[in-house]
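Step one of this worksheet: look at the structure below.
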There are 2 protein chains.
Amino acid sequence: MRLSDAQVRDFERDGYLFMPNAFSPEEVRVLADEVPGLFAQDRPEVVREKGSGAPRTAFFVQTWNPAFALLARHPRLLDPVAQLLGSDKLYMHQFKLNAKAAFDGAVWQWHQDYATWHNDDDMPTPRAMNIALSLAEVNEFNGPLMFIPGSHREGRLEAGHDTTTTSYPLWTIDNPTITRLVERGGLVAPKGPAGSMLMFHGNLVHASGSNLSPWSRWVVYLSLNRCDNAIRRHKRPNWIAHRDVTPIVPAPDDCLMAYARERRAAE
Amino acid sequence: MRLSDAQVRDFERDGYLFMPNAFSPEEVRVLADEVPGLFAQDRPEVVREKGSGAPRTAFFVQTWNPAFALLARHPRLLDPVAQLLGSDKLYMHQFKLNAKAAFDGAVWQWHQDYATWHNDDDMPTPRAMNIALSLAEVNEFNGPLMFIPGSHREGRLEAGHDTTTTSYPLWTIDNPTITRLVERGGLVAPKGPAGSMLMFHGNLVHASGSNLSPWSRWVVYLSLNRCDNAIRRHKRPNWIAHRDVTPIVPAPDDCLMAYARERRAAE
């Protein structure tokens, strides 16, 4: 899959691209069937919400689940990022599954991902990219990502280290700056069925609200980085900011369905 | 103003009615101009969010602000409630202004208002009604009310007294019940410009999410009760559950603009 010139222009202007139905319902099911078992595990890579103890994020899942290991090498996720970053040599900087659990999913404050990659991990430039795959419908009720279009063109903004508001520390942006950016760019919250893909610039300012609905909003995030832009500080654990900078070898496009067939044959 | 037969049927089926642009931008401005000054006051009737200290609710405002005193007698709010409750003799059970402040507005958990009116105030029957007027645009980003259509037909549901999640105690409904009701009725979140009116049954199950946007979502709520349905327990302060059961005498329909003209003339 290759992004069209119009998609590249949209990305450069807005800082994100939304691609509904990039993965089939059958492919999504292969992954979604694994999710309750993943979140049920009691291990450091599974971060929980303050108070409720509901799952918030499962990190590094590509190393402890074979279906997600394939997803971390999936060409439909790798190719558009390689195109926009201008390099086929990409490694996985971070891989996570966010739960935004039904009833208990809490907010993520306004932030840029590159702020964390720079401040915590000493990533030299923002030549890294997030691409997300939703494993459940994203709608107005279950805490969709909110973007300020065009905010990536501001570069890296001043940020404060918020370690108290939620159960995961984040470099967050102050309210007057958000107000100024929203006055210019507005707000958007892309919504769509499970299997939709969303890519966004490391400097795009984003947040997400609480989820009071009975619908969990599971999204897998790949943070892909150019191999020539590897991080230079290993302050955060390897399962949060990965240290293996070997270029990812893409899997075949039908890898998830092939995996499902093999599993059924083995049963 | 009189509700049409179709509106009455919609209300009976869904438990709510949304009426965009019921008040003009000029009328809204008369009220909205007062709001920052109201929330700035340090008095018991102004409840604040945990942590941030941002305003959450200003109670009993009709007794300490002349513009809101007129709103509490406004025929556009009183008439449709009188029609649905089948009585012209109504008194104000509660009057409040919810801030859902920009950046800091926190959630209201799933609840029925009549649960509180019954459990705390010993209101004999649910023959009371909420009618809300928005003093700011309500959109998908600033924490709109979420309703489960038809849930009012369940009657009063089991509820637990939540005194910890937010800064205001509430009788809230458990997650399995919400899941069951949403499977049948779905979710809606009416949105519209400032000046829109929203009325909903005392047994309609509702909640609202956080507000991370730079737009405060100010809404005035009148909880009107039939005078023959007055509460029988005075456990909560008078400024939360009012004790004056004198029937409200409606003001003229143009009272807000007349008030604004008088103010300008006096300046």
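Every number in this text was worked out from the coordinates using simple rules, so none of it is lab data. Here the structure is a predicted model, which means the values were calculated and not measured. In this analysis, Cβ positions are derived from the backbone assuming ideal geometry, glycine residues included, and neighbour counts consider all displayed protein chains.
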**Asked** If the label for B:R232 sits 7 angstrom from Cα along the Cα-to-Cβ line, what are its distances to the same label in every other copy, in nm to one decimal, shortest first?
**Response** 7.6
**Request:** Over all alpha-carbon pairs in the protein assembly as shown, figure out the percentage whose distance exceeds 39 Å.
**Result:** 33 percent
**Request:** Over the Cα atoms of segment A:1-134, compute the convex hull volume and normalise it per residue, giving Å³.
**Result:** 144 Å³
**Prompt:** Convex hull over the alpha-carbon atoms of segment A:13-75: what's its volume per residue in Å³?
**Reply:** 145 Å³
**Request:** Provide Rg and Dmax in Å for segment A:127-215, with only Cα atoms included in the calculation.
**Result:** 13.9, 37
**Request:** Please give the net charge around A:M123, taking every other residue with its beta carbon less than 14 angstrom from that of A:M123, where Lys and Arg add +1 and Asp and Glu add -1.
**Result:** +3
**Request:** Would you mind checking segment B:67-102 for residues with the amide N under 13 Å from a putative spin-label position 7 Å along Cα→C-beta of B:T246?
**Result:** B:91-92
**Prompt:** Assuming R0 = 41 Å, what is the FRET efficiency of A:W64 and A:R180, from their Cβ-Cβ distance, to the nearest 0.05?
**Reply:** 0.45
**Request:** Quick one: compute the contact order of segment B:1-100, relative version, from alpha carbon pairs under 8 angstrom and 6+ residues apart, as a percent.
**Result:** 29 percent
**Asked** Can you give the helix-only mean residue ellipticity at 222 nm for chain A, where every DSSP H stretch with n ≥ 4 adds -39500 (n - 2.57) and the sum goes over all residues, rounded to the nearest 500 deg cm²/dmol?
**Response** -7500 deg cm²/dmol
**Request:** Mind telling me which of B:D88, B:D121, B:D42 comes out most flexible in a GNM of chain B, alpha-carbon contacts under 10 Å?
**Result:** B:D42
**Prompt:** When only C-alpha pairs under 8 Å and at least 6 residues apart count, what is the relative contact order of chain B, in percent?
**Reply:** 33 percent
**Request:** Taking each pair of different alpha-carbon atoms in segment A:79-173 once, compute 1/r for the pair, average those values, and report the inverse of that mean as the Kirkwood hydrodynamic radius in Å to one decimal.
**Result:** 15.4 Å
**Message:** Need one number: the % of Cα-Cα pairs in chain B sitting beyond the 27 Å mark.
**Reply:** 34 percent
**Request:** Quick one: go through segment B:192-226 and flag any residue whose amide nitrogen is under 18 Å from the point 7 Å out along the Cα-to-Cβ line of A:S52.
**Result:** B:206-212
**Request:** Quote the relative contact order of segment B:65-190 in percent (integer), defining contacts as alpha-carbon pairs under 8 Å separated by 6+ residues.
**Result:** 27 percent
**Complete:** Flagged as over-length at 18 Å C-alpha distance, from B:K89/B:K235; A:K50/A:K235; B:K96/B:K191; A:K100/B:K50; A:K100/A:K191, the pairs are B:K89/B:K235; A:K50/A:K235; B:K96/B:K191; A:K100/B:K50
**Asked** How much length, in nm to one decimal, is gained on full extension between B:D228 and B:R156, taken as 0.36 nm per residue of separation minus their Cα-Cα distance?
**Response** 23.9 nm
**Request:** Work through the residues other than B:Y259 whose Cβ is under 14 Å from its Cβ and net out their charges, Lys, Arg +1 and Asp, Glu -1.
**Result:** -3
**Request:** Counting other Cβ atoms within 10 Å, keep those with at most 14, restrict to DSSP loop, and tell me which trypsin sites (Lys or Arg not before Pro) in segment B:173-250 are left.
**Result:** B:R232, B:R233, B:K235, B:R243
**Prompt:** At A:T163 and A:M1, where each label point lies 7 Å from the Cα along Cα→Cβ, what is the point-to-point distance in nanometres?
**Reply:** 3.9 nm
**Request:** Compute the label-point distances linking B:P124 to its equivalents in the other copies; points lie 7 Å from Cα along Cα→Cβ; give nm, one decimal, shortest first.
**Result:** 8.0
**Fill in**
Amide H proximity to B:R56 below 5 Å, modelled H, separation 5+ or other chain, gives B:V47, B:R48, B:E49
**Request:** Multiply the residue separation of A:D42 and A:N119 by 0.36 nm, subtract the distance between their alpha-carbon atoms, and state the gained length in nm to one decimal.
**Result:** 24.8 nm
